[in-house]
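Student: Can you keep this structure in mind? I'll have questions shortly.
The values are calculated or read from the model by the stated rules, or taken from the named source; none is laboratory data. Bear in mind that the values here come from a model prediction, so they are computed numbers and not experimental data. Neighbour counts are summed over all protein chains in view; Cβ atoms, including those assigned to glycine, are modelled from backbone coordinates with ideal geometry.
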């Protein structure tokens, strides 16, 4: 069996918008395979109570976006969880009724307590796919299989008898095309070295203190920052970052002659511009919701073939693909960036670039979906679903 010509509800913890991360890219890739994909936005509190809207974002004719507000106060989740679960069951039925078709698959990327009983969607196949740390209240979510980009996340999930599998982040089609291009050794003799950074610097996981030190210590290097730095056109923002610490960091970036802020770009625009950079930087720290063990942007960087300087990421620690600071020592990143920038001909040799591009190509979303469909339709998972059907008969 294949994940084709199915009706799929994809539950996201981030809204649909101009910035694509794992959930958005899977939705697009699944739609391109001939599936009818309904991307379920988080609850939109500004909508009328009980409102449900289904729109098409114009990305693919098979892709639809569901926006809604609950018909009951969401605060019940904290004060009356049993009542909340009962009302969410009714809410889910209303959403499926609005779709007008019963889903074949429910694919849940949501990491918080909201849709804790995926069975209410009525789909024969239920996939739980957290890419961020999950809380204890969702560590026993009923599903057929758990997928994640992090072993530490898989370890948190505790429901017995549920198959679990590690699936790395994916690389979207514009970067697949970039990875297929032949590498070229850079020439920087007549210009400054260009360091690229792609991402939302408003996120709590960004180590802004160290990032500021990296930029200040390498004043002859250009830092090109692509991604939102205000709440405007930012569908994955964290509004809590509108504090003094972030304001000071943004003011620092704006006053630096060696920093260029691009703002948000779509994937095609990013893929066009990042191939002109000489190296890339990742600067994350651990937070209550992020272990700093993996990042989806790494694959976009690697698609160019260029060297990546990063904080320690446990997923890549044995793969010889990144130049990483030691675990817990982001303070070493300023010197590491300087060292790599001064030795680009070694780090960006054609051989090294080809190895990075090869890794990126093996992690396209289409390739991941092929791996996932092979896994979810194997006997181990099918037997679990058969047992559930017998029990519920």
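Student: Using the structure shown, decide if residue 82 is assigned by TED's automatic domain parsing to the domain that holds residue 111, surrounded by fewer than 20 Cβ atoms within 10 Å (Cβ to Cβ), over 18 Å from residue 108 (Cβ atoms) and in contact with a strand residue (DSSP E or B) (Cβ under 7 Å, 6 or more places away or on another chain). I'd like the intermediate steps shown before the answer.
Tutor: Details: assigned by TED's automatic domain parsing to the domain that holds residue 111: yes; surrounded by fewer than 20 Cβ atoms within 10 Å (Cβ to Cβ): yes; over 18 Å from residue 108 (Cβ atoms): yes; in contact with a strand residue (DSSP E or B) (Cβ under 7 Å, 6 or more places away or on another chain): no.
No, not satisfied.
Student: Give, as residue ranges, the strands (runs of 3 or more DSSP E) completely inside the stretch 27-138 that count at least 1 residues that are more than 27 Å from residue 372 (Cβ to Cβ) and touching a helix residue (DSSP H, G or I) at 6+ places or on another chain (Cβ under 6 Å). So that I can check it myself, show each step before the final result.
Tutor: Details: elements: 36-40, 52-55, 63-68, 105-108, 125-128.
Answer list for the stretch 27-138: 52-55.
Student: I've got another one for you. Being out of contact with any helix residue (DSSP H, G or I) (no Cβ under 6 Å at 6 or more places or on another chain) and crowded, with 20+ Cβ neighbours inside 10 Å is the filter here; which residues of the stretch 264-277 pass it?
Tutor: Of everything in the stretch 264-277, those that are out of contact with any helix residue (DSSP H, G or I) (no Cβ under 6 Å at 6 or more places or on another chain) and crowded, with 20+ Cβ neighbours inside 10 Å turn out to be 264, 270, 274, 277.
Student: Of the residues that sit in the stretch 147-172 and are in contact with a strand residue (DSSP E or B) (Cβ under 6 Å, 6 or more places away or on another chain) and surrounded by 21 or more Cβ atoms within 10 Å (Cβ to Cβ), which one is nearest to residue 360 (Cα to Cα)?
Tutor: My answer is 171.
Student: Looking at residue 213, is it modelled with pLDDT of 90 or more and in the same structural domain as residue 18 (by TED's automatic domain parsing)?
Tutor: Numbers: modelled with pLDDT of 90 or more: yes; in the same structural domain as residue 18 (by TED's automatic domain parsing): no.
So residue 213 does not fit the description; no.
Student: Separate question: State whether the residues of the stretch 2-24 include one that is part of a helix (DSSP H, G or I), within 30 Å of residue 199 (Cα to Cα) and touching a residue at least 40 places away in the same chain (Cβ under 8 Å).
Tutor: If we filter the stretch 2-24 for residues that are part of a helix (DSSP H, G or I), which is where we start, we get 22-24.
Filter once more, keeping what is within 30 Å of residue 199 (Cα to Cα): 22-24.
Checking which are touching a residue at least 40 places away in the same chain (Cβ under 8 Å) leaves us with 22-23.
Yes - at least one qualifying residue is present in the stretch 2-24.
Student: I'd like the full set of residues that are surrounded by 15 or more Cβ atoms within 10 Å (Cβ to Cβ) and assigned to a helix (DSSP H, G or I), limited to the stretch 347-365.
Tutor: Correct list: 347, 352, 353, 355, 356, 357, 359, 360, 361, 365.
Student: Hey, does the stretch 233-247 have a residue that's in contact with a helix residue (DSSP H, G or I) (Cβ under 8 Å, 6 or more places away or on another chain) and closer than 20 Å to residue 277 by Cα? Break it down stepwise before answering.
Tutor: Going through the stretch 233-247, the residues in contact with a helix residue (DSSP H, G or I) (Cβ under 8 Å, 6 or more places away or on another chain) turn out to be 245-246.
With closer than 20 Å to residue 277 by Cα added as a condition, the list becomes none.
Within the stretch 233-247, none of the residues are in contact with a helix residue (DSSP H, G or I) (Cβ under 8 Å, 6 or more places away or on another chain) and closer than 20 Å to residue 277 by Cα.
Student: Out of 101, 105, which single residue is surrounded by fewer than 14 Cβ atoms within 10 Å (Cβ to Cβ), assigned by TED's automatic domain parsing to the domain that holds residue 31, touching a strand residue (DSSP E or B) at 6+ places or on another chain (Cβ under 6 Å) and more than 30 Å from residue 314 (Cα to Cα)? Quick ask: steps written out before the conclusion?
Tutor: On the way: 105 fails: surrounded by fewer than 14 Cβ atoms within 10 Å (Cβ to Cβ).
Just a single option satisfies the conditions, and that option is 101.
Student: Only one residue in 289, 303, 310 is free of Cβ contacts under 8 Å to residues at least 40 places away in the same chain and either touching a strand residue (DSSP E or B) at 6+ places or on another chain (Cβ under 7 Å) or in the same structural domain as residue 341 (by TED's automatic domain parsing) (or both), so which one is that?
Tutor: On the way: 289 fails: free of Cβ contacts under 8 Å to residues at least 40 places away in the same chain; 303 fails: free of Cβ contacts under 8 Å to residues at least 40 places away in the same chain.
Answer to the selection: 310.
Student: Among the listed residues 319, 285, 335, identify the single one that is closer than 19 Å to residue 192 by Cα and in contact with a helix residue (DSSP H, G or I) (Cβ under 9 Å, 6 or more places away or on another chain). Step through it out loud before you land on a result.
Tutor: Working: 319 fails: closer than 19 Å to residue 192 by Cα; 285 fails: closer than 19 Å to residue 192 by Cα.
The unique qualifying residue is 335.
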